[in-house]
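Structure first, commentary second.
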Amino acid sequence: MVLTAFVVGSVLAGGNAVGIKFSNDELDPLWGAALRFTAAAAVMWLILAFLRRPVPRGRALTGSLLYGLFNFAGAFGFGFLAFVELEAGFGQLVLAIVPLLTLLLAVAHGQEGLRMRSLSGALLAIAGIAVMSSGSLAGGSALALVFALLAALCFAEGAVVVRRFRPIDPYGLNAVGMTVGAVVILGAAVIRGDDIELPEMAATWLAQAYMILVGSVLVFVLYVFILSRWEASRATYTFVVVPPVTVLVSWWLRDEPLGAGLVLGGILVLIGVYIGAIQPSRLPVDAEA
């Protein structure tokens, strides 16, 4: 059951970065992110009411608020800014470093043990990002790479935070978390001076619809379901499965090139993450296959 959720969620998440690129083509980035999570939060609250699930309270509410700040406000705020300049496949490959960052943060939080191979894995992953960057960055795009790395760090911390506040309800956690993300990102959009306007292009509406219903509601319900049963570093392995899907979809829908630097650097990132976060891992006591 958990493995099925992992595979389905990873494949469906592959379209998110491409959807962000289509959204950024017409909408200012933070406003596009705010529009996505405002609608997604509304859908999550409707689902919560329909299923008669309890609204998070006490420690669960604290965890949901922190999860919203990291996993939605931080990760997607930086992510939408990064994808203004980064191509979808390139950006998603950078995010493949999330499991490794999650492992290191989980060690820092005392959730998981230190794995010595993580250092060599980190070096390989960083080398891969450097190889990809050498042929893909120009001008202000260096800042876009920083935004992508900050998004990866926020995703990693969000996963660790969720594990601290068990038991976890995927519906309540995401309803509160997406609401927090929408409010914070909307505030940032206003401060940044983004134009607040609805899309006019059909491609933008289709991209937003996919990101809201599939890439947000469905994907993150599955993601939190997995996090409730697997260690954080194992659950975020989804970020390693997603890039090949994103690269193929972005090549198909947006004609984004598959350069040698992207392929070689991507392979180094994936090998680094495998060595540092996946190969040494063991199944946790509460894991279910």
Theoretical FRET efficiency, 1/(1+(r/R0)^6), r = Cβ-Cβ of Trp205 and Val8, R0 22 Å, to 0.05: 0.35
The chain: most fluctuating residue of Gly172, Gly77, Gly181 per GNM, C-alpha cutoff 10 Å: Gly172
Per-residue [θ]222 nm for the chain (sum of -39500 (n - 2.57) over DSSP H runs n ≥ 4, rounded to 500): -22000 deg cm²/dmol
Qualifying GluC sites (Glu not before Pro) in the stretch 171-258, DSSP loop, other Cβ atoms within 10 Å at most 14: Glu197, Glu200
Difference of contour (0.36 nm per residue) and Cα-Cα distance, Phe50 to Arg192: 47.5 nm
Label-point separation in nm, Arg59 to Arg166, each point 7 Å along Cα→Cβ: 1.2 nm
Loop sites in the stretch 11-73: trypsin sites (Lys or Arg not before Pro), DSSP, at most 16 other Cβ within 10 Å: Arg52, Arg57
For the stretch 28-73: rounded, prolate or oblate by the Cα gyration tensor [a/c cutoff 1.5]: oblate
Cα gyration tensor, the stretch 29-127 - rounded (a/c under 1.5), prolate or oblate: oblate
Test item: Cα-centred dipole of the chain, Lys/Arg +1 and Asp/Glu -1 on Cβ, debye: 1200 debye
Max mean-square fluctuation residue, GNM over the chain, Cα-Cα springs under 10 Å, options Leu150, Leu100, Leu61: Leu61
Cβ-defined net charge surrounding Pro244, 15 Å radius [Lys, Arg +1; Asp, Glu -1]: -2
Which of Ser141, Thr4, Leu86, positive extreme of dipole for the chain (C-beta unit charges): Thr4
Residue-by-residue Karplus 3J(HN,Hα) for the stretch 152-167, coefficients 6.51, -1.76, 1.60, Hz, glycine and proline x: 4, 5, 5, 4, 5, 5, x, 5, 5, 4, 4, 5, 7, 10, 7, x
The stretch 190-196 - phi-based ³J(HN,Hα) in whole Hz, Karplus 6.51/-1.76/1.60, Gly and Pro as x: 5, 5, 6, x, 5, 6, 8
Selection from Ala207, Ala159, Ala73, by position along the positive dipole direction of the stretch 2-278 (Cβ): Ala159
Nearest-0.05 FRET efficiency for Ile126 and Leu218, computed from C-beta distance (R0 35 Å): 0.60
Normalised contact order of the chain, rounded percent, pairs of Cα under 8 Å and 6 or more residues apart: 42 percent
Cα→Cβ-extended label distance, 7 Å offset, between Asp25 and Leu248, nm: 2.2 nm
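Bear in mind these aren't lab numbers, they're just calculated from the coordinates by the rules spelled out. Given the structure is predicted, the values throughout are model-derived calculations rather than measurements. Ideal geometry is used to build each Cβ from the backbone, glycine not excepted, and the neighbour counts take in all protein chains shown.
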